[in-house]
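The values are calculated or read from the model by the stated rules, or taken from the named source; none is laboratory data. Being a predicted model, the structure only gives us computed values, none of them experimental. With ideal geometry, Cβ positions are generated from the backbone for all residues, glycine too; neighbour counts draw on all protein chains shown.
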Amino acid sequence: MNTIPSLILACSAALLVSCSRESEGPPATAIPATAPASPRGPAKASEAPAAAAVIPDSGDSNATLQRLTQALRDHVVRTRTVPKDFDDFAAKSRTSFPPPPDGKKYEIRGQEVVLVNR
């Protein structure tokens, strides 16, 4: 008979101790007052703009198109906007690229830069 009252007393003491720990202060895993910037969030105004990309004229139009396509994708990721055409991309992307071959022009089709007849 003596064990039941002592068991109740022990449980009550444990409950009181655990309740008093919560009221002592904030939990150890408190959220900091300033959260770190999200990689998907807007860019800070103080961040320096990306350097201009230069695509050299290698003589290989396929390599140039691949580099232009990568520059287009980088531009879309950086600005979170899709240019309406290649001229818009060329004006806003700060990318220097070689002129297209004679009788051709650059155009954006889907998510790639391609050469088309003028």
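For this structure, a couple of remarks:
- Residue check, residue 80 at pLDDT 90 or above and basic (Lys, Arg): yes
- Residue match in the stretch 47-56 (condition: modelled with pLDDT of 75 or more and over 26 Å from the mean Cα position of the chain (by Cα)): yes
- Residue count for the stretch 66-93 satisfying the condition of being acidic (Asp, Glu), in contact (Cβ under 8 Å) with a residue 12 or more places away in the chain and in a helix (DSSP H, G or I): 1.
- Among the residues of the stretch 9-17, none qualifies, meaning not one is modelled with pLDDT of 60 or more, part of a helix (DSSP H, G or I) and surrounded by 13 or more Cβ atoms within 10 Å (Cβ to Cβ).
- Sole residue being at pLDDT 90 or above, of a type in the set (Gly, Ala, Ser) and either part of a helix (DSSP H, G or I) or loosely packed, with under 10 Cβ neighbours inside 10 Å (or both), chosen from 63, 28: 63
- Applying the criterion of being over 18 Å from residue 57 (Cα atoms) and among the acidic types (Asp, Glu) to the residues of the stretch 70-118, the residue that is surrounded by the fewest Cβ atoms within 10 Å (Cβ to Cβ) is 85.
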